[in-house]
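Have a look at the structure below before the remarks.
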Amino acid sequence: MCDGDLREAMELAIGRPQPVEGERRPTAGQRLPQELEDVTLSDQERAEFRKLEDARRARLERLPLSRMAHLYATRAIAWLKDHRERLEADADPMLREALAVVGWDLWLVGAKVHRALHGRDESQTGEMPDDHPVQNDWNGSAKVALISLARSETAWRTIAKGTGDERASVLADGVGYLRRDLEREFPNAMAFARPGFDG
């Protein structure tokens, strides 16, 4: 937004120096909404953008990692639909906690895997270049997915042990495969430092 202009960056961050007397000038942050309203895309530009995004979506959906994440979500949702209510009513606290973990992380995994793949694709095509090899959005998204996958694998193993359900064991194995593939695709993800979370 500031294109390397330190003065503009400082103005955006803390505001423009204001006169002691007289009318205050709007800051860059105050001017930004108006500047964004003034940006209009032609029908041709919109069509080109849609075409690029449709091509990216199709390309990403063909990736094995995308397909694995989708398959895991589909099977985990089906398992939870069939078993969750009964188990939450009858299960011990550890099993209920494991169900809560897989139920929560299930939605996070797919979204974060998609965001990591999408961001990396934008970086590789030069549309959204990242100026840091580790501290970038796609590594951060992959890290959150990896953390959720590790938690989910442990939770599915707890569920499998507590219920004796073979499908829960298969889901635990599937989550493990997905986690290892994600680690291979994003080898720097765990080095990403999440502000406010990682020391």
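What is the helix-to-structure angle for 64-90, meaning the angle in degrees between its Cα long axis and the longest Cα principal axis of the chain, kept from 0 to 90 and rounded to the nearest 10?
Roughly 60 degrees, rounded to the nearest 10.
If you fit an axis through the alpha-carbon atoms of helix 137-163 and take the longest principal axis of the Cα set of the chain, what angle between them do you get, 0 to 90°, nearest 10?
So the helix axis and the longest Cα principal axis differ by about 20 degrees.
Picking from 44, 34, 124, which is most flexible by a Gaussian network model of the chain using Cα springs under 10 Å?
The residue with the greatest mean-square fluctuation here is 34.
Estimate the FRET efficiency between residue 161 and residue 135 by the formula 1/(1 + (r/R0)^6), using the beta-carbon distance for r and 45 Å for R0, to the nearest 0.05.
0.75
Leaving out same-chain residues fewer than 8 places away, which lysines sit with a Cα under 24 Å from that of residue 81?
Within the straight-line limit of under 24 Å, residue 81 reaches these lysines: 112, 161.
Could you tell me how many cubic angstrom of Cα convex hull volume the chain has per residue?
202
With a Förster radius of 30 Å, plug the Cβ-Cβ distance of residue 128 and residue 6 into 1/(1 + (r/R0)^6) and report the FRET value to the nearest 0.05.
For R0 = 30 Å, the calculated efficiency reads 0.85.
Gaussian network model of the chain, Cα springs within a sub-10 Å range: biggest mean-square fluctuation belongs to which of 138, 156, 79?
In the Gaussian network model the winner is 79.
For the chain, modelled as a Gaussian network with Cα springs under 10 Å, which listed residue fluctuates most, 105, 121, 92?
Residue with maximal mean-square fluctuation among 105, 121, 92: 92.
Simple spin-label model, 7 Å along Cα-to-Cβ: residue 60 to residue 173 in nm?
According to this spin-label approximation, the distance is 3.0 nm.
Taking K and R as +1 and D and E as -1, what net charge do the other residues with C-beta under 15 Å from the C-beta of residue 88 add up to?
-2
Averaging sequence separations of C-alpha pairs under 8 Å and six or more residues apart, then dividing by the length of the chain, give the relative contact order as a whole percent.
18
Find the percent of Cα-Cα distances in region 48-107 that exceed 13 Å, and round it to a whole number.
69
Quick check: net charge around residue 172, other residues with Cβ under 14 Å of its Cβ, Lys/Arg +1 and Asp/Glu -1?
With Lys, Arg at +1 and Asp, Glu at -1, the neighbours total +2.
Residue 130: net charge of surrounding residues, Cβ under 14 Å, Lys/Arg +1, Asp/Glu -1, itself excluded?
Taking every Cβ under 14 Å from that of residue 130, the sum is -3.
The numbers here are math on the coordinates, done by the rules we state, and not lab data. Quick caveat, the model's predicted, so the values are computed rather than measured. Cβ atoms come from the backbone with ideal geometry, glycine included; neighbour counts cover every protein chain shown.
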